[in-house]
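Derivation of every value follows stated rules applied to the coordinates shown; laboratory data play no part. Keep in mind that this is a model prediction, so the values were computed, not measured. In this analysis, Cβ positions are derived from the backbone assuming ideal geometry, glycine residues included, and neighbour counts consider all displayed protein chains.
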Amino acid sequence: MSEHRTLDTFCPTCGYRANAATNINDKQTAPPSCGDITVCLKCGEILQFDAQLKVQPASLTNLLQISKEDGIRVAKAQRIIRARRPLGI
Ligand SMILES: [Zn+2]
């Protein structure tokens, strides 16, 4: 996993401030870019980076374009986050 610093960005669902992103695909080390899918570490919401690398709600179009393997990784990350913080607190 590779971690990348980002500008401060806030989850549109819970307001969590993030300033880093970790690539959950071991085969990829590139920093986040526009359209990449991410998961809020606090509430588990599925988000995407915009052109300024701020997080926005993920579009259905983008969600349908991710690979099956990445979809499984996103769902697993979401399950782990929500199991640890079931109320998003
Ligand atoms: Zn959140």
Neighbours of Gln28 by Cβ distance under 14 Å: Lys/Arg at +1, Asp/Glu at -1, summed charge -3
Scoring the chain by relative contact order with C-alpha pairs under 8 Å, at least six apart, yields a percentage of 26 percent
Assertion target for Phe49, Phe10, ordered by fewest C-beta neighbours within 10 angstrom first, is Phe10, Phe49
Per principal axis, largest first, the Cα atoms of the range 1-69 extend in Å by 29, 26, 22
Rounded to the nearest 500, the 222 nm mean residue ellipticity computed for the chain from DSSP H runs (n ≥ 4, each -39500 (n - 2.57)) alone is -8000 deg cm²/dmol
